[in-house]
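The values are calculated or read from the model by the stated rules, or taken from the named source; none is laboratory data. This structure is a prediction, so every number in the text was calculated from the model and none was measured. Methodologically, a virtual Cβ is constructed for each residue, glycine included, from the backbone with ideal geometry; neighbour enumeration extends over all protein chains shown.
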Amino acid sequence: MFKALFISMRPQQWVKNLVLFAGLVFSFNLFQLDLFLQVLIAFFLFCFLTSGVYLLNDILDLNSDKAHPLKSKRPIASGKLKPSTALFFSLLFIAIALAFSFYLNWIFGLVALSYLVLNLIYSRYLKHIVILDVMAISLGFVLRAVAGAVIIDVEISSWLIVCTTLLALFLGFGKRRYELVLLEDKAVEHRKSLAEYTPYFLDQLISVVTASTVVAYAFYTLSPEVEDKLGTTHMALTIPFVLYGVFRYLYLIHQKEKGGSPTTALLTDKPLIFDILLWFFFVILIVYL
């Protein structure tokens, strides 16, 4: 049971919560041990919170997951984990995460609560509404970034919000395209909003957010405001890594049909992993040294 529970918690998805460290890195506080520990605690609290949400979502999507070729293998959909057991641990994880979040910082607690409410609304309503379904997912990433900033009481950069939103939209529309192509005629049975999408329409949306993501990041690195804040004019040197990362992910979506899980691609595609590590290395080198 505990093995099935752990799988249902989707620990591989915890990589998304690394967005919480963005505020720490770009506020020159990465090597401040006390602040690093605060963000690290916040990271684990969000891992508990997101796992609770995943369990709850799997319970609500039990019937539709059974019609999915991949999601039908999940412990709850396959019958390896009872819905009642999953519900108990879901509520437990959510309660622990929210209680400690408000104890650490009431503003951080409100952000965590907002994330929970957003996901509950998404699971019941927004996931069935075309375009808004992906926008809700991107808002979840923004709330993670905001949570990482408020826990250490640093300014929330508008550039951070813009770049996070666009990147999340890029990943979200790529996932919808994968689902549509994979499920074909059964797509609507799994997700109602897929009836309103077509591969061509999604390709257009992906093209828009791809260009917007790259341009927004380029403007961020070249912004005089950012140059003054970071004390460097060399952030533009990281643009090639962002370009390659975006192009590589488009290659995985269109040529390798691996757009179903951005986290799986992130954790398994070696060129993409190497590119992200290089980007992070050069960011630290430029900002701190």
Tally of residues being on the phi > 0 side of the Ramachandran plot and hydrophobic (A, V, I, L, M, F, W, C) across segment 122-158: 1
Would you point out the residue of segment 10-31, among those that are farther than 15 Å from THR264 by Cα and not in a helix (DSSP H, G or I), that is nearest to the chain's Cα centre (by Cα)? PHE26
From the options PHE241, PHE247, PHE219, PHE274, residue that is modelled with pLDDT of 95 or more and surrounded by fewer than 15 Cβ atoms within 10 Å (Cβ to Cβ): PHE274
Considering every residue within segment 117-128, establish whether at least one is within 24 Å of PHE247 (Cβ to Cβ) and not aliphatic (A, V, I, L, M). no
Sort through LEU98, LEU81, LEU139 and tell me the only one that's among the aliphatic types (A, V, I, L, M) and outside any helix (DSSP H, G or I). LEU81
In segment 235-262, which residues are part of a helix (DSSP H, G or I) and touching a residue at least 40 places away in the same chain (Cβ under 8 Å)? MET235, LEU237, THR238, PHE241, VAL246, TYR249, LEU250, ILE253, PRO262
Pair list, Cβ under 6 Å, 6 or more apart: segment 214-234 residue small (Gly, Ala, Ser), other residue at pLDDT 90 or above and surrounded by 13 or more Cβ atoms within 10 Å (Cβ to Cβ): ALA216/VAL162; ALA216/CYS163; ALA216/LEU166; ALA218/ILE239
Hits in segment 103-132 - residues which are farther than 11 Å from LEU45 by Cα, assigned to a helix (DSSP H, G or I) and not aliphatic (A, V, I, L, M): TYR103, TRP106, SER114, TYR115, ASN119, TYR122, SER123, ARG124, LYS127, HIS128
Checking the condition closer than 20 Å to LYS175 by Cα and over 16 Å from the mean Cα position of the chain (by Cα), which residue from THR264, THR268 passes? THR268
